[in-house]
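Below is one structure, written out as structure tokens, with a few remarks after it.
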Amino acid sequence: MADRKDSKTPSKGGVIKKKEKKVEKVESKPEKEKEKNKDKNEKMTKKPEKAPENQQKNEEAPQGNGEVAEGAERPVKDEEFELEPMELPPFEIIVGDRMNPTFFKFQFKNVEYSSGRNKTFLCYQVDIQGGSGETDGLRGYLEDEHSGSHAEDAFFQQVLAYYDKSLHYTVTWYMSSSPCTACAAKLVEILQARKTIRLNIHCSRLFQWEEPEIQAGLQALVRAGCKIRMMRPVDFAYVWSTFVENEEENFTPWEDCQDNYDYYDERLCDILK
């Protein structure tokens, strides 16, 4: 019991000095100060010897939330774990029923120079006929980013992925921009392979219409049976009422809506003549 009580009393000399204190209870102050100074000198000389132990403890210290996983002998050092660069997927195709009115007013505006419009919005309506029973049609919209899959290709992957050759499909698109060269070629392949699909494309703007390869792509689409025309003010009003969250507000055409239609319609006629 005595040893246990003594162990609670603080002493800078460690366990060895506790025993010396019990034997030599009566000491003068100068001797005690000498012993303290001696202890400090011993600690100063022993400190470099304890450095490797402290370093080992630091290596074994838990990281993060302070918890160490069971069965782990030691933590993995940074040089043993290299973070590989993550390959980001292409921009996701967004599918919905009605789009934001702000998106419509900006993306579908039939201006001549479409600066900042790096997306393609595609509103679709599919009428399906044939078969023994009634077949429900499809309606909605897609939006894409030009760095990922384009809306035209995504339509046949996500919306009309299943094709039944015994049915007849009338597909109508209202697009913020006409197809690019790659999409036009892809659509030609689809129309040639799926004979019972009739595709009608209504465009707000012509995408890079001055480029010869763009013109050739549009011409090939028409030869494959696709009908292409520019969106008139009445078409913008239909898209607004059918595919936009309009909150029951009427469509108000922007300035030069009719004039811009006339401009693009003339360009398209020159390409397809």
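The values are calculated or read from the model by the stated rules, or taken from the named source; none is laboratory data. Owing to the predicted nature of the structure, the values given are computational and were not obtained by experimental measurement. Quick reminder, even Gly has a Cβ in these numbers, built from the backbone with ideal geometry, and neighbours come from all protein chains shown. SASA here: full protein model, heavy atoms, side chains in, ligands and nucleic acids out. Shrake-Rupley method; radii C 1.70, N 1.55, O 1.52, S 1.80 Å.
Only residues that are among the charged types (D, E, K, R) and under 16 Å from Phe121 (Cβ atoms): list them for the stretch 193-245, please. Talk me through it step by step, then tell me what you get.
Pass one, the stretch 193-245, residues among the charged types (D, E, K, R): 194-195, 198, 205, 210-211, 213, 223, 227, 229, 232, 235, 245.
Passing the criteria: Arg205, Asp235, Glu245.
Among the residues in the stretch 243-260, are any under 30 Å from Ser132 (Cα atoms), open to solvent by 40 Å² or more (accessible area, probe 1.4 Å) and at pLDDT 95 or above? No, the stretch 243-260 has no match at all.
Condition first: modelled with pLDDT of 95 or more, closer than 28 Å to Gln258 by Cα and open to solvent by 50 Å² or more (accessible area, probe 1.4 Å). Can you find one or more residues in the stretch 190-207 that meet it? Among the residues of the stretch 190-207, at least one is modelled with pLDDT of 95 or more, closer than 28 Å to Gln258 by Cα and open to solvent by 50 Å² or more (accessible area, probe 1.4 Å), which makes the answer yes. Any residue that is assigned to a helix (DSSP H, G or I), farther than 25 Å from Asn100 by Cα and modelled with pLDDT of 95 or more - is there at least one of those in the stretch 223-231? So far as the stretch 223-231 goes, yes, one or more of its residues are assigned to a helix (DSSP H, G or I), farther than 25 Å from Asn100 by Cα and modelled with pLDDT of 95 or more. Does Thr181 satisfy the criteria of being surrounded by fewer than 18 Cβ atoms within 10 Å (Cβ to Cβ), modelled with pLDDT of 90 or more and of a type in the set (Ser, Thr, Tyr)? Against the criterion (surrounded by fewer than 18 Cβ atoms within 10 Å (Cβ to Cβ), modelled with pLDDT of 90 or more and of a type in the set (Ser, Thr, Tyr)), Thr181 does not qualify. Which of the residues that make up the stretch 223-234 are out of contact with any Ser or Thr (no Cβ under 7 Å at 6 or more places or on another chain) and either over 13 Å from Ile271 (Cα atoms) or open to solvent by 70 Å² or more (accessible area, probe 1.4 Å) (or both)? Residues satisfying the conditions are Arg223, Ala224, Gly225, Cys226, Lys227, Arg229, Arg232, Pro233, Val234.
Please specify each residue of the stretch 121-169 satisfying the condition of being charged (D, E, K, R), closer than 17 Å to Leu199 by Cβ and modelled with pLDDT under 90.
Going through the stretch 121-169, the residues charged (D, E, K, R) turn out to be 127, 134, 136, 139, 143-145, 152-153, 164-165.
Filter again for closer than 17 Å to Leu199 by Cβ, leaving 127, 139, 152-153, 164-165.
Within the stretch 121-169, Asp153 is the sole residue that qualifies.
Here Ala216 does not fit the description of being part of a loop (DSSP other than H, G, I, E, B) and small (Gly, Ala, Ser).
Taken together, the residues in the stretch 257-273 that are closer than 15 Å to Arg205 by Cα and either in contact (Cβ under 8 Å) with a residue 12 or more places away in the chain or touching a Cys at 6+ places or on another chain (Cβ under 6 Å) (or both) amount to 10. Return yes when Ala220 is without any contact (Cβ under 8 Å) to a residue 40 or more places away in the chain, more than 32 Å from the chain's Cα centre (by Cα) and open to solvent by less than 70 Å² (accessible area, probe 1.4 Å) and no when it is not. Taking the combined requirement at face value, the residue satisfies it.
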